Amino acid sequence: MTDHRVTGEVATLVVVNIGQLVTGDPRLPAPGVVKDAVLAANRGRIVYAGPASDLEVATGPETVEVDVHGAAVIPGFVDAHTHLVWLGERSEEYALRAGGASYEEIAAKGGGIRSTVAATAAGTLDELVAAAGERARRMLRLGTTTVEVKSGYGQTQEAELRQLRAARALGTEPDGPDVVATYLPLHGLPAGDRAAYLEGVLGEGLAAAAPLAGFVDCFCEIGAWEVDECERLLVAARAHGLRTKVHADQRSHSGGSALAARVGAISADHLDHATDEDLRALAVAGVTGVLLPGASMVLGGPPPPGRRLLDAGATIALATDCNPGTCWCESMPLMVSLGVATADLTPAEALLAATAGGAAALGLTDRGRLLPGLRCDALVLETPNWLDVGYHLGANPVARVIASGRLIGL
Ligand SMILES: [Zn+2]
């Protein structure tokens, strides 16, 4: 049973008496549960994840042992799609939408994303980090150990770059989630000349964003950015070493999924209006489909195509889309619940989509499962049963967070 461990390393953390260890091991029935298990790490890396009966890890004076008394342990959540850096608030709009106004009607009256852009673009770096930091800490308490953070509320080069710097500053906080930054220059439409703005993005924008971000993203939608504009951005991004993402077919069947497949994006996100043909194209191109069931629920419309993506053979991720307009939510456990309730996923598929699937959507091969050699990001649950993550609707199932092999004091 040597594949439960990395041999020859001293454990710095040993978690014992785990009733159910959800490993995500694809060789086991999903989601890869090992009963009566132990998880051990050497600093940030897992050195053992398997049954207590097979345990062979060296311990030393540095070793911290944690007895979880039969609780379940699962991988930390990887939230692969958020707009965490914003200022201002849109509660009024929330009430208007509840009264029957559509997202598009509110946007046409100058509300919606424009109000967030005005507030966010005017903020200092410190203000952005403080506001986003509160949300990031809330995410960590709910079990998110890695979060993707997009720009997109700047719409001037300077303001976009400030958002990317704020995202990176969040990632340096010791008790926050690990952060992956994404440059989203094509989001809302700019106030001035659209063509000139796009040229600026393709030139100095990409060059300045490349050292700060891992990905480039675009909102490909009727009334926002068109397919050919988005395609120019995504093709140009590759020359800067940036991988690509697309907000695709969210509000209408506007061609974003086909674009993501065509350019070989790492993920296509939303997909509420994608056809089965689109989903097959994503699967063939190896593009991860990111489901955002919170936004789908808030905005109404078709359910997220979870089952349809799996039937097409695609990898899926679940994410919060945390943003001030269509889904202010930091909770990945709630997304697991909604994935089961609205995207036709089994609890095991939803949990894997929120962990290993999120890692796939970010190209991170070192996390998302609890296997030897991977980063030790793990959650000790309040209960012995991993199913409670989705089953206990709206709750926080997380008792303790382990980030990179370290117990986080929450
Ligand atoms: Zn988004």
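The values are calculated or read from the model by the stated rules, or taken from the named source; none is laboratory data. Bear in mind that the values here come from a model prediction, so they are computed numbers and not experimental data. Cβ sites come from the backbone with ideal geometry, for glycine too, and all protein chains shown count toward neighbours.
Here the condition is being assigned by TED's automatic domain parsing to the domain that holds Leu184, in contact with an Asp or Glu (Cβ under 9 Å, 6 or more places away or on another chain) and crowded, with 19+ Cβ neighbours inside 10 Å; of Arg135, Arg90, it holds for Arg135 alone.
Does the range 153-163 contain any residue that is among the aliphatic types (A, V, I, L, M) and buried (at least 24 other Cβ atoms within 10 Å of the Cβ)?
The answer is no; no qualifying residue exists.
Taking helices (runs of 4 or more DSSP H) as the structural unit, those lying wholly within the range 52-154 and holding at least 3 residues that are closer than 30 Å to Pro31 by Cα correspond to 125-141. Scanning the range 24-39 for residues that are among the small types (Gly, Ala, Ser) and either at pLDDT below 95 or farther than 10 Å from His4 by Cβ (or both) yields Gly24, Ala30, Gly32. The helices (runs of 4 or more DSSP H) located wholly in the range 249-323 that include 1 or more residues which are more than 26 Å from Arg232 (Cα to Cα) and in the same structural domain as Glu229 (by TED's automatic domain parsing) occupy 293-299, 306-312. Among the residues of the range 230-244, are any within 16 Å of the ligand (Cβ to nearest atom) and outside any helix (DSSP H, G or I)? Checked against the condition, which is being within 16 Å of the ligand (Cβ to nearest atom) and outside any helix (DSSP H, G or I), the range 230-244 yields at least one hit. It is to be established whether one or more residues within the range 30-46 are acidic (Asp, Glu) and assigned to a strand (DSSP E or B). Looking through the range 30-46, at least one residue is acidic (Asp, Glu) and assigned to a strand (DSSP E or B). With the requirement that a residue be more than 12 Å from the ligand (Cβ to nearest atom), polar (S, T, N, Q) and surrounded by 22 or more Cβ atoms within 10 Å (Cβ to Cβ), what does the range 255-295 give you? Across the range 255-295, the qualifying residues are Ser257, Thr288.
Any residue at all in the range 198-209 that's away from the ligand (no atom under 16 Å from the Cβ) and not in a helix (DSSP H, G or I)? Within the range 198-209, none of the residues are away from the ligand (no atom under 16 Å from the Cβ) and not in a helix (DSSP H, G or I). Inspection of the range 313-329 finds a residue satisfying the criterion of being over 30 Å from Gly88 (Cβ atoms) and of a type in the set (A, V, I, L, M).
With Glu104, Glu65 as the choices, which residue is over 30 Å from Gly373 (Cα atoms), among the acidic types (Asp, Glu) and either in contact (Cβ under 8 Å) with a residue 24 or more places away in the chain or within 16 Å of the ligand (Cβ to nearest atom) (or both)?
Glu104
Selection over the range 302-329 of residues that are farther than 16 Å from Ala353 by Cα and within 15 Å of the ligand (Cβ to nearest atom) gives a count of 8. In the range 180-197, how many are within 16 Å of the ligand (Cβ to nearest atom) and of a type in the set (Gly, Ala, Ser)? Looking only at that region, the number is 2. Tell me yes or no: at least one residue of the range 227-236 is over 23 Å from the mean Cα position of the chain (by Cα), under 20 Å from Val117 (Cβ atoms) and in the same structural domain as Ala260 (by TED's automatic domain parsing). Yes, there is a match, as at least one residue in the range 227-236 is over 23 Å from the mean Cα position of the chain (by Cα), under 20 Å from Val117 (Cβ atoms) and in the same structural domain as Ala260 (by TED's automatic domain parsing). In the range 312-327, the residues that are at pLDDT 95 or above and charged (D, E, K, R) reach residues that are assigned to a loop (DSSP other than H, G, I, E, B) and within 14 Å of the ligand (Cβ to nearest atom) with C-beta atoms within less than 7 angstrom, at least six apart or across chains, in these pairs: Asp321/His81; Asp321/Thr82; Asp321/Leu292. For the range 210-229, filtered to residues that are within 16 Å of the ligand (Cβ to nearest atom) and outside any loop (DSSP other than H, G, I, E, B), the residue that is surrounded by the most Cβ atoms within 10 Å (Cβ to Cβ) is Cys218.
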